[in-house]
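**Student:** Okay, handing you the structure first.
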Amino acid sequence: MALASQPESLTLAVMSRASAGPEIQRMIDLIARLPGLGPRSARRAALFLLKRQDALLRPMAEALADAADKIEQCQTCGNYDTLQPCAVCQATGRDDGLICVVEDVPDLWALERASVFRGRYHVLGGVMSALDGVGPEDLTIGLLIDRIKAGGVREVILALNATVDGQTTAHYIAERLEGLGVEVTRLAHGVPVGGELDHLDDGTLATALRSRRGV
Ligand code: ZN
């Protein structure tokens, strides 16, 4: 392939002058919508994929098509899976009396990777943020309350990030759960201030969960 033999910077410069065909441009525009990627890194990523058609681009396209067809959000907990409800919600041998509330799906994955929690989950879909205009009604707090009212829940663990927004949200949820007859706890030691669950090692996460305390 002629492109591959050119210096990458030159190729990128050519592509950035809108010389890419509509198919490539569409690819670049879509990649640029991913978090953390701007147009320049999207062009770089597109080129990287195009140079690896068989090794990467085609398997990725198939994986994405597969995901689009088969994976959906669990209507009970908010996890992503091919099953509805998800495998975690369906699994026998997990404690229905414990619900661990997390900010987003990667936090659920982090706790599952650490294998320290054997209850059920509830994914909020974000945290309250005045800056980003996210209010409690934008999160799945209503669904959480419905789950608790359905009965059988003893304890709700607020495993939210130790950020200002995470803790504000935890405080708000704790207040909303008052009077529902559940114990509300939150992660304690080990979560550094400003820390995000997804970035903690398994041991720290396990300690934080074990030493949770009442709100
Ligand atoms: Zn689920």
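**Student:** Would you be able to say whether some residue in region 153-160 is of a type outside the set (A, V, I, L, M) and within 23 Å of residue 211 (Cα to Cα)?
**Tutor:** So far as region 153-160 goes, yes, one or more of its residues are of a type outside the set (A, V, I, L, M) and within 23 Å of residue 211 (Cα to Cα).
**Student:** Could you figure out which of (1) modelled with pLDDT of 85 or more; (2) in a helix (DSSP H, G or I); (3) under 18 Å from residue 79 (Cα atoms) isn't true of residue 174?
**Tutor:** (3)
**Student:** In region 74-99, what count of residues is obtained for those that are touching a Ser or Thr at 6+ places or on another chain (Cβ under 7 Å) and either more than 15 Å from the ligand (Cβ to nearest atom) or not in a helix (DSSP H, G or I) (or both)?
**Tutor:** Count: 2.
**Student:** Then there is this: For residue 147, which of the numbered conditions (1) surrounded by 13 or more Cβ atoms within 10 Å (Cβ to Cβ); (2) without any contact (Cβ under 8 Å) to a residue 60 or more places away in the chain fails to hold?
**Tutor:** (2)
**Student:** Being within 16 Å of the ligand (Cβ to nearest atom) and surrounded by 14 or more Cβ atoms within 10 Å (Cβ to Cβ), is that true of even one residue in region 52-73?
**Tutor:** Yes, region 52-73 has at least one match.
**Student:** Go through the residues of region 174-189 one by one and say whether even a single one is surrounded by 17 or more Cβ atoms within 10 Å (Cβ to Cβ) and closer than 14 Å to residue 114 by Cβ.
**Tutor:** Checked region 174-189: at least one residue is surrounded by 17 or more Cβ atoms within 10 Å (Cβ to Cβ) and closer than 14 Å to residue 114 by Cβ.
**Student:** Scan region 37-69 for residues that are in a helix (DSSP H, G or I) and within 25 Å of residue 79 (Cα to Cα) and jot them down.
**Tutor:** 59, 60, 61, 62, 63, 64, 65, 66, 67, 68, 69
**Student:** Looking at (1) within 24 Å of the chain's Cα centre (by Cα); (2) at pLDDT 95 or above, find the lone condition where residue 36 falls short.
**Tutor:** So the condition that residue 36 fails would be (2).
**Student:** If the Cβ limit is 8 Å and pairs must be 6+ apart or interchain, which residue in region 153-175 that is within 21 Å of residue 98 (Cβ to Cβ) pairs with which residue that is hydroxyl-bearing (Ser, Thr, Tyr) and surrounded by fewer than 24 Cβ atoms within 10 Å (Cβ to Cβ)?
**Tutor:** These pairs meet every condition: 155/185; 156/185; 157/185; 158/185.
**Student:** For residue 77, all conditions in the list (1) exposed (fewer than 15 other Cβ atoms within 10 Å of the Cβ); (2) more than 15 Å from residue 209 (Cβ to Cβ) hold save one; what is the number of the exception?
**Tutor:** Here residue 77 clears every test but (1).
The values are calculated or read from the model by the stated rules, or taken from the named source; none is laboratory data. As the structure is a computational prediction, the values presented were derived from the model and not from experiment. Every residue, glycine as well, gets a Cβ built from its backbone with ideal geometry; the counts of neighbours run over all protein chains shown.
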